[in-house]
1. Going residue by residue through the stretch 223-242, is there one that turns out to be more than 28 Å from residue 380 (Cβ to Cβ) and out of contact with any Leu (no Cβ under 9 Å at 6 or more places or on another chain)?
2. Could you tell me which numbered condition residue 230 fails, if it satisfies all but one of (1) open to solvent by 30 Å² or more (accessible area, probe 1.4 Å); (2) of a type in the set (A, V, I, L, M, F, W, C); (3) touching a helix residue (DSSP H, G or I) at 6+ places or on another chain (Cβ under 7 Å); (4) farther than 30 Å from residue 371 by Cβ?
3. With the structure loaded, tell me whether residue 158 is surrounded by fewer than 22 Cβ atoms within 10 Å (Cβ to Cβ) and modelled with pLDDT of 85 or more or whether it fails that test.
4. Which one of the conditions (1) at pLDDT below 95; (2) more than 30 Å from residue 207 (Cα to Cα); (3) crowded, with 18+ Cβ neighbours inside 10 Å does residue 64 fail to meet, given that it meets all the rest?
5. Within the stretch 171-186, does at least one residue satisfy the condition of being under 30 Å from residue 140 (Cα atoms), open to solvent by 10 Å² or more (accessible area, probe 1.4 Å), polar (S, T, N, Q) and in contact (Cβ under 8 Å) with a residue 60 or more places away in the chain?
6. Among the listed residues 119, 124, which satisfies the condition of being within 25 Å of residue 397 (Cα to Cα) and in contact with a helix residue (DSSP H, G or I) (Cβ under 6 Å, 6 or more places away or on another chain)?
7. Taking the stretch 98-135 only, how many residues are open to solvent by 60 Å² or more (accessible area, probe 1.4 Å) and under 30 Å from residue 8 (Cα atoms)?
8. Output the number of residues of the stretch 339-397 satisfying the condition of being open to solvent by 20 Å² or more (accessible area, probe 1.4 Å) and polar (S, T, N, Q).
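The values are calculated or read from the model by the stated rules, or taken from the named source; none is laboratory data. Because the structure is predicted, anything quoted here is derived from the model rather than measured. Neighbour counts run over all protein chains shown; Cβ positions are idealised from the backbone, glycine included. We work out accessible area using only protein heavy atoms, side chains counted, and drop any ligands, DNA or RNA first. Shrake-Rupley method; radii C 1.70, N 1.55, O 1.52, S 1.80 Å.
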Amino acid sequence: MAVPALHGPRFAADPDAAYAALRDRGPAHWVELAPGVEAVLVTDYDVALYVLRSPWFSRDARRWAAMAEGRVPFDNQVVPMMGWRPSLLFADGERHLRLRTSVDDTLARVNPHRLRRYVQRSAVALIDSFGPDGGADLVGGYADRIPVLVLAQLFGCPDEIATRMAAAFGSMIDAEPAAAQQGSADLANCLGDLVAAKRRTPGADVTSWLLNHSAALSDEETIHQLVALLGAGTAPQSAWISTSVLLLLTDDRFGHDLTGGSLTVVDALNEVLWTRPPMSNYCFHYAVAEQVLRDVRGREFAVPPGVPVLVSHAAANTDPAVAAHGALAANHSHLAFSAGPHLCPAKDIAGVIAEAAIETLLDLLPEMELALPPDRLTWRPGPFHRSLATLPVVFPGTAPRRSPNVTPR
């Protein structure tokens with residue numbers, strides 16, 4: 001039997017069908033992430049929790065046998081997401097604790113009220129740029145851009161570095177492999193320049209706080225923690241914003257005019273984390289020795305060492321056994337932010353950004369509507385993210401508004 005593919009337009013059009021078929025076979029199954037790249041995908045909610053919390057699974061991607069043996073080339077399209085880096089995402093034990101503590105302590109210093117103002121200021125500026133046109137693509141023109149603008153402010157980026165960082169991310173999204181690799185290299189150079197600048201002149205920002213943490217991170221370690229934060233805070237954040245806007249525009253529970261519904265923006269955001277989690281398949285683990293995964297029906301899957309094991313947040317969240325527990329909007333036990341020691345350290349910050357970005361959009365464009373039927377929208381292909389390719393909307397053209405007069409301190 002052919003290994004199911006988690007890539008290509010067919011999978012992007014209907015991933016739920018693929019997850020349902022895999023779930024029927026047991027708690028986990030072999031899948032193909034890209035041509036010639038195989039992994040094990042966990043689709044059962046309880047088994048996913050076991051993998052995320054188990055000391056018998058490692059996050060160290062240097063255990064990936066196919067990569068170490070050259071069977072997966074370095075320039076393969078999935079390697080940027082899966083290849084080892086000296087960041088908290090790929091660390092275990094004491095090393096993970098050291099890196100995680102530095103990130104947790106740093107993010108705890110972010111003022112949520114100031115963060116919300118950063119988002120509102122960036123959102124108003126973007127809406128001003130397309131508001132008079134009476135229409136926009138809310139993915140490329142809004143959701144993709146908000147996270148980079150906000151993170152540049154949080155990181156304390158000078159304007160020149162922030163501009164370069166935004167351009168680098170633009171090259172990395174939906175680009176040809178060569179352009180994406182160049183964008184990745186440009187981003188690393190941006191962050192290297194930023195770290196060097198903050199070593200010379202620290203400020204009240206995430207980069208400086210990381211550099212001055214008692215964990216004494218090296219410049220390389222600091223760069224890679226920033227890369228991890230950027231990776232988690234850009235494409236997934238964009239997907240969360242755009243998919244939630246789609247839900248608000250198409251589901252009568254949230255009100256036809258976006259202001260009179262029975263559920264709120266926060267409810268929409270949480271429901272999307274259940275039904276269309278931005279990171280649909282991620283959280284790579286490697287069994288330290290052969291592990292047998294077993295579901296409540298007694299079905300088993302033996303995981304050999306050296307093989308990437310992905311948790312399907314999307315499949316686990318939509319496990320019928322979980323869905324039977326009631327309304328999703330008020331339930332926060334989803335796996336969209338992972339679980340266990342690698343629970344996303346920035347989930348609260350991500351929530352503030354998404355909520356403020358959507359609320360500002362709805363406040364300034366209350367008569368916004370989809371420009372085409374929902375079934376004509378397309379999704380970006382790939383095994384890891386669940387993200388709209390475009391989200392075209394129309395609205396009465398607006399006069400330019402002044403951005404909030406907020407100066408970060």
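1. Just the residues of the stretch 223-242 that are more than 28 Å from residue 380 (Cβ to Cβ), to begin with: none.
Within the stretch 223-242, none of the residues are more than 28 Å from residue 380 (Cβ to Cβ) and out of contact with any Leu (no Cβ under 9 Å at 6 or more places or on another chain).
2. The failed condition is (1).
3. On the way: surrounded by fewer than 22 Cβ atoms within 10 Å (Cβ to Cβ): yes; modelled with pLDDT of 85 or more: yes.
Judged against the criteria, residue 158 is a match.
4. (1)
5. Going residue by residue through the stretch 171-186, those that are under 30 Å from residue 140 (Cα atoms) are 171-186.
Now restrict to residues that are open to solvent by 10 Å² or more (accessible area, probe 1.4 Å): 171-182, 184-186.
Now drop any that are not polar (S, T, N, Q), which leaves 171, 181-182, 184.
Right, trim to in contact (Cβ under 8 Å) with a residue 60 or more places away in the chain and you get 181, 184.
Taking every residue of the stretch 171-186 in turn, at least one turns out to be under 30 Å from residue 140 (Cα atoms), open to solvent by 10 Å² or more (accessible area, probe 1.4 Å), polar (S, T, N, Q) and in contact (Cβ under 8 Å) with a residue 60 or more places away in the chain.
6. Testing whether each residue is within 25 Å of residue 397 (Cα to Cα) and in contact with a helix residue (DSSP H, G or I) (Cβ under 6 Å, 6 or more places away or on another chain) leaves just 119.
7. Of the residues in that region, 0 qualify.
8. Result for the stretch 339-397: 2.
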